[in-house]
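The values are calculated or read from the model by the stated rules, or taken from the named source; none is laboratory data. Keep in mind that this is a model prediction, so the values were computed, not measured. Counting neighbours? That spans all protein chains shown, and the Cβs are built from the backbone with ideal geometry, glycine included.
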Ligand SMILES: Cc1cc2nc3c(=O)[nH]c(=O)nc-3n(C[C@H](O)[C@H](O)[C@H](O)COP(=O)(O)OP(=O)(O)OC[C@H]3O[C@@H](n4cnc5c(N)ncnc54)[C@H](O)[C@@H]3O)c2cc1C
């Protein structure tokens, strides 16, 4: 069945990509049409329920993704202010995909329900698959539950020209190192999805797609209860591998932009053509923000960029990719608690640089010379005027300082080891801001869309076990929580720099395997003890 993503703009101006497992949605919504909220709710309910029935007729179970989508729409409407409820919701467009059943044989894999699974892994991204690889290797029965499809985040939450920032040789999933022709290159989106999908197939990992875990709670005798869209499952141990980037952040100040300006988060941005004609304001200069700004700039769009405090690094220095030097210097092996910035490192924005077109530096000053308009951090937007902090110059200088500092540490390493390497170039700033631009009249500048690239929030509210602190951060020691048998994998800096990436997730999974096996031994001993006691009583 062909599936469809439909894009809507809510009364708040926020945009969202929604899902329908069938084209039936096209009979109920029209591209470009605006609907009063009640009407929109009625139309989407009819379409998504019909879509779910079609899945039921074909596969024998209702479509959890369609029903999840319906619930999300209903929740969005319920959460709206009185002011928002009188404004319409607009359907921006549709995106059809190849037939789902042609590429999802595992979707119909029977999900067995034994009394309790020894291990359930939640999430079918690289982290969940790496865990499954190790469990399979030692013969621990388990399933991997994936709410969408394997590699969902890579496939559905990245823009068209997305490519890795880390070089291919750093893709070291256990049992599945990068095997393509360009280890020094940077895989593009389709290649990344293929790399992850091939992993699941290569080892026939027991992944069940289309199964969302809605809650995870402590069960009896130390186990866990998982309420899923395919029914209740019990597990002795659970590994949560659902990534860290769950809730895209768009601030309330988005509402202060002029009516008609399209707002979208970096995870919904696809390409310049999908934005309305006109200039674009990109907010945020983490890895996503600068790469999206470059994508738009190269397509000839007038880009206005709100520059934040993210650091940057060179792509190549003294004849090699900077990551190769940092690897030799042991940077990627430093555990987070021994890192010089250990109190902040888990929350820090990554250094910006790109792997696009073989990889190069991202120099915002060079963009400015080519016509991109740079501002400081976006403070707010009032009556159609975006207002910025007076920190552009400081933010650019700070990013360059980090860039130079990393290069200097490479110089020191080369000197200390007596390595024969070509001389390095010293970066000289090619542009400096003149008068600080603190305000921007959005309409006068012809801005028709804003791409918010200011990050995400994690959401583990469905994990109803006492493992989160008051800020919602998971308390753990390299993924092992205080609740026996409950683990987290794939979080940024779970243990070291590579923990949230292709590079280090395998090492953490192997560490968790040891903890899982030790817990199994303890559980088996406790069971034996109980059996012995009841035998003695009878
Ligand atoms: C913009 C961006 C660029 C990045 N670039 C790089 C890079 O260049 N190199 C690199 O190594 N890393 C990079 N990363 C970091 C990292 O590799 C990715 O975030 C990667 O997707 C993390 O893999 P994961 O398996 O931990 O999580 P994910 O890939 O997010 O997988 C989690 C899976 O869990 C599923 N799921 C979520 N909730 C549930 C639930 N309740 N029930 C069932 N399933 C659920 C999701 O559908 C998803 O498929 C980047 C990240 C981002 C955001």
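The criterion of being at pLDDT 95 or above, in contact with a helix residue (DSSP H, G or I) (Cβ under 7 Å, 6 or more places away or on another chain) and not assigned by TED's automatic domain parsing to the domain that holds residue 287 does not hold for residue 517.
Checking each residue in segment 232-256 for being within 14 Å of the ligand (Cβ to nearest atom), within 20 Å of residue 282 (Cα to Cα) and either assigned to a loop (DSSP other than H, G, I, E, B) or without any contact (Cβ under 8 Å) to a residue 12 or more places away in the chain (or both) picks out 245, 249. Does residue 30 satisfy being in contact with a strand residue (DSSP E or B) (Cβ under 7 Å, 6 or more places away or on another chain), surrounded by fewer than 16 Cβ atoms within 10 Å (Cβ to Cβ) and in contact (Cβ under 8 Å) with a residue 40 or more places away in the chain? Criteria met by residue 30. Does any residue of segment 66-89 turn out to be touching a strand residue (DSSP E or B) at 6+ places or on another chain (Cβ under 9 Å), in a strand (DSSP E or B) and either at pLDDT below 85 or under 21 Å from residue 29 (Cα atoms) (or both)? Within segment 66-89 (the criterion being touching a strand residue (DSSP E or B) at 6+ places or on another chain (Cβ under 9 Å), in a strand (DSSP E or B) and either at pLDDT below 85 or under 21 Å from residue 29 (Cα atoms) (or both)), the answer is yes, since at least one residue qualifies. Here the condition is being more than 11 Å from the ligand (Cβ to nearest atom) and either outside any strand (DSSP E or B) or at pLDDT 95 or above (or both); of 259, 267, it holds for 259 alone. I'd like to know if segment 408-415 contains one or more residues that are within 24 Å of residue 277 (Cβ to Cβ) and crowded, with 20+ Cβ neighbours inside 10 Å. Checked against the condition, which is being within 24 Å of residue 277 (Cβ to Cβ) and crowded, with 20+ Cβ neighbours inside 10 Å, segment 408-415 yields no hits at all. Output yes when any residue across segment 425-447 is surrounded by 15 or more Cβ atoms within 10 Å (Cβ to Cβ) and closer than 23 Å to residue 126 by Cα, and no when none is. Looking through segment 425-447, none of the residues is surrounded by 15 or more Cβ atoms within 10 Å (Cβ to Cβ) and closer than 23 Å to residue 126 by Cα. Filtering segment 98-120 to residues that are closer than 27 Å to residue 51 by Cα, modelled with pLDDT of 50 or more and surrounded by 15 or more Cβ atoms within 10 Å (Cβ to Cβ) leaves 109, 111. Among the residues making up segment 5-30, those that are over 13 Å from residue 52 (Cα atoms) and assigned to a strand (DSSP E or B) are 5, 6, 7, 8, 9, 15, 16, 17, 18. Does residue 421 meet the test of being assigned by TED's automatic domain parsing to the domain that holds residue 306, away from the ligand (no atom under 16 Å from the Cβ) and modelled with pLDDT under 95? The answer is no for residue 421.
Within segment 281-293, identify whether any single residue is within 13 Å of the ligand (Cβ to nearest atom), over 23 Å from residue 402 (Cβ atoms) and surrounded by fewer than 21 Cβ atoms within 10 Å (Cβ to Cβ), and answer yes or no. Among the residues of segment 281-293, not one is within 13 Å of the ligand (Cβ to nearest atom), over 23 Å from residue 402 (Cβ atoms) and surrounded by fewer than 21 Cβ atoms within 10 Å (Cβ to Cβ), which makes the answer no.
For segment 433-443, does any single residue satisfy the condition of being in a helix (DSSP H, G or I) and within 17 Å of residue 363 (Cα to Cα)? Looking through segment 433-443, none of the residues is in a helix (DSSP H, G or I) and within 17 Å of residue 363 (Cα to Cα). Applying the criterion of being assigned to a loop (DSSP other than H, G, I, E, B) and more than 16 Å from the ligand (Cβ to nearest atom) to the residues of segment 446-472, the residue that is farthest from the chain's Cα centre (by Cα) is 446. Working carefully through the options 351, 304, find the one that is modelled with pLDDT of 95 or more and in the same structural domain as residue 265 (by TED's automatic domain parsing). So the residue among 351, 304 that is modelled with pLDDT of 95 or more and in the same structural domain as residue 265 (by TED's automatic domain parsing) is 304.
Within segment 480-512, the residues that satisfy the criterion of being in contact (Cβ under 8 Å) with a residue 60 or more places away in the chain and away from the ligand (no atom under 11 Å from the Cβ) are 483, 484, 485, 486, 487, 493, 495, 496, 506, 510, 512.
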